[in-house]
1. Kindly provide the set of residues from region 277-332 that are within 19 Å of Gly208 (Cα to Cα), among the polar types (S, T, N, Q) and part of a helix (DSSP H, G or I), ordered by number.
2. Filter region 50-74 for residues that are in contact with a helix residue (DSSP H, G or I) (Cβ under 6 Å, 6 or more places away or on another chain), of a type outside the set (Gly, Ala, Ser) and modelled with pLDDT of 85 or more and give the result.
3. Of the residues that make up region 345-364, is at least one out of contact with any strand residue (DSSP E or B) (no Cβ under 6 Å at 6 or more places or on another chain), closer than 27 Å to Asp215 by Cβ, among the aromatic types (Phe, Trp, Tyr) and in contact (Cβ under 8 Å) with a residue 40 or more places away in the chain?
4. If a residue has to be touching a strand residue (DSSP E or B) at 6+ places or on another chain (Cβ under 7 Å) and of a type outside the set (Val, Ile, Thr) to count, how many in region 202-218 make the cut?
5. For region 14-32, give me each residue that is outside any helix (DSSP H, G or I) and either closer than 15 Å to Met107 by Cβ or not basic (Lys, Arg) (or both).
6. With respect to Ile111, is the statement that it is more than 26 Å from Leu420 (Cβ to Cβ), out of contact with any Gly (no Cβ under 6 Å at 6 or more places or on another chain) and hydrophobic (A, V, I, L, M, F, W, C) true?
7. Mind telling me which of the residues Thr374, Thr378, Thr404, Thr390 ends up being within 23 Å of the chain's Cα centre (by Cα), part of a helix (DSSP H, G or I) and surrounded by 15 or more Cβ atoms within 10 Å (Cβ to Cβ)?
8. List the pairs whose first member sits in region 281-304 and is closer than 18 Å to Asp244 by Cβ, whose second member is in a strand (DSSP E or B) and of a type in the set (Ser, Thr, Tyr), and whose Cβ atoms are under 7 Å apart, counting only residues at least 6 apart or on separate chains?
Amino acid sequence: MNWLLHLRVDHTAFLVAVDVAMVIIAILLIPRGRSRPRPWLAWPVPVLVGAGIGLLLTWLIGDVADAFGLTLTPITRMWVALGFAGIALAVTRLWTSSWWRRIIAAMGIPIMALGALAGINVDFGAYRNLHDALGLGNYPTLTESIAPASAARTWTPPVDMPRTGIVRRVAIPGPTSRFAARDAVVYLPPAALTANPPRLPVILMFAGQPGAPSDMFTAGRVEKTLDAYATAHHGIAPMVVAPDQLGAPDRNPMCVDSPLGDVASYITIDVTRWIRSHLPVATDPDSWAIAGYSEGGTCAMQFGAGHPDLFSSILSISGELAPTIGAKTVDVAFHGSAEAYRHAQPLSLLAAHGPYTGSYAIFGAGQDDAKFSTFQHTTDAAAKAAGMQTEFISSPGTAHDWNTVRYVLARGLPKLADRLVTTPAA
C-alpha cells in the first residue's frame, strides 16, 4: 500500500499508461455492427451526452457559482469532458453488452475517472502522489534540539554541517488569539542545524484556500529551492515557517480578527513570538519576509502592507485585491461594516501605511491567468506608488496553479533571500 501512496502520478510514464488504458477501454466498449442491441445507445450518444454533462458542470461550478474563485482552464474543462464521456460510455455498456464487455465497463469507470483526475492534476501542477493529495502525515514532528543563535558577528560553517536542510511540522499555540490552528510546517536550512547557528532571516509563508501549510512544500517545493540557495551560500538560507491561517481546508477567516477567528493576532503575535523564542532568527524587520499563494498571497499583502514594523519584504503569488468569502463577507466577518472591510484590503493598507522606506515586494502570476494577473499588476502599481521597491514575475504558459507557484518561487525566493541574508560567512 505504501508504494501506491507514493506512486508519482505527475510523471509521464504514469500519465501515458493511464491515457493508453483509457483509449483501449473506449475502443473495446464501442459496439460494432449487429452487436448494437439498441440504436439509441450507440456509442456517439453516451459519449456526447457525457461530455456535455462534464462541460455543463464546469460552467455551473466554475463560472456561475465561481466555487474556486478562478476561471477553469480549457485543459481542465477538456479532461472533465473526456472523463464524463468515458464514464458515460462505460455505464451504458454495463447492461447492454456481453459478459466480458460488462467486466471491461466496470473496470473502465474508475480508470476513466483516474485518467481525468490525473490530467487535471497536471494542469494544476498540484500533487506528486496520493500521499500529497490526501495529506497523510507529510512531515515528521520537529524533535531536533535547535541551538540558540550565536552572538558572533561572523560565522564559519562547521565541517559537520548537514548538506541540506530539514522540513518538520510543529504545533504553534495561540495563547493570545485563541485561534485553533493546524500544525505549522518549518524549513530549517543547514546553518540552523549546527551547534552555533548564526541569526538567520525568516519567511512566513501561506498556501491558498482550500489548502494546508504543507502545500507550499509538497506542491511548491520550497525546500528544493532553498537547499540550492544554501549550498551556494555556506549553508545559510532563510528559515521558512508556514503557519496555518485557515483552521481547516474549507475555512477562510481572511487573515483578519473577526468572528471567524482572530487570525491576524495569531500570525502577528503568537506565531512571531514563537519563532523568536524557538528558532535562531534575526529579530529586525529587515530580516523578515512574508509570502503566499492565492488566498495566502492576499494574506501576505495584508500583513506585509499593514505591518512594516514586522516584515520588510513581501512575495505575493496570484493574490486577490481583497479578502473574500463571497456575498456574505461584510456581514459575517466585518459586522456589516463596509468601511471596516475596505480598511482590511491590501490597497487601503498600502495607502494607510505609506510611504514605505526600505520595503520590497515581489508580485507573481501566471501569464494565462488574466484575472489574477490584473489583480497583481494593480497591487504592484499601488505598492510602487506607496514607496516600495517592486518586481513582477510572470510565469509563461501557466495559469492559477502550482506550476505558476513553482516558477515564481524558484526565481523569487533567491531574490528575497539575497535581500534578507545579512549574516556573513567566513
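1. Residues satisfying the conditions are Thr298, Gln302, Thr329.
2. The answer is Ile53, Leu55, Thr58.
3. Checked region 345-364: no residue is out of contact with any strand residue (DSSP E or B) (no Cβ under 6 Å at 6 or more places or on another chain), closer than 27 Å to Asp215 by Cβ, among the aromatic types (Phe, Trp, Tyr) and in contact (Cβ under 8 Å) with a residue 40 or more places away in the chain.
4. Going through region 202-218 one residue at a time, the tally reaches 9.
5. Once the filter is applied, which keeps residues that are outside any helix (DSSP H, G or I) and either closer than 15 Å to Met107 by Cβ or not basic (Lys, Arg) (or both), region 14-32 yields Ile30, Pro31.
6. Considered against the rule, which asks whether it is more than 26 Å from Leu420 (Cβ to Cβ), out of contact with any Gly (no Cβ under 6 Å at 6 or more places or on another chain) and hydrophobic (A, V, I, L, M, F, W, C), Ile111 comes out as yes.
7. Exactly one residue qualifies, and that residue is Thr404.
8. Gly292/Ser316; Gly297/Ser316; Ala300/Ser316
The values are calculated or read from the model by the stated rules, or taken from the named source; none is laboratory data. Everything quoted here is computed from the prediction, not taken from an experiment. Cβ: placed from backbone, ideal geometry, glycine included. Neighbour counts: every protein chain shown.
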